[in-house]
Amino acid sequence: MSDHPRAARLRFLMARARRGGYQLIAYPAGGGWALVDIYDGERLFECASLSDVERFLRE
């Protein structure tokens, strides 16, 4: 069964974020993404693209 590449990428980033102590949240209205602290919900990073999320998680 073939998987949509964007869905696979999103699942990968969600898992990677969780391992780092973050939760990845999508903004439904204008697009964009946020990483919030998994324990207290504080927004730690906001960006416009999944590429920006990947870059942040690599650092």
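Coordinate-derived values only; no laboratory data. Please read all numbers here as calculations on a predicted model, not as lab measurements. Don't worry about glycine lacking a Cβ; one is built from the backbone with ideal geometry, like all the others, and counts go over all protein chains shown.
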**Request:** Quick one: P(r) of the chain from all Cα-Cα pairs, 5 Å bins, percents rounded to integers, in order of increasing distance.
**Result:** 4, 19, 30, 26, 13, 5, 2, 0
**Item:** Relative contact order [Cα under 8 Å, 6+ residues apart], the chain, whole percent
**Value:** 24
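Calculate for the chain the 222 nm mean residue ellipticity that helices alone would give, adding -39,500 (n - 2.57) per DSSP H run of length 4 or more and normalising by residue count, nearest 500 deg cm²/dmol.
Details: 2 runs with 24 residues, N = 59.
That comes out to -12500 deg cm²/dmol.
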**Fill in**
In the chain, taking the dipole from +1 charges on Lys and Arg beta carbons and -1 charges on Asp and Glu beta carbons about the Cα centre, the listed residue (47, 27, 13) farthest towards the positive end is 13
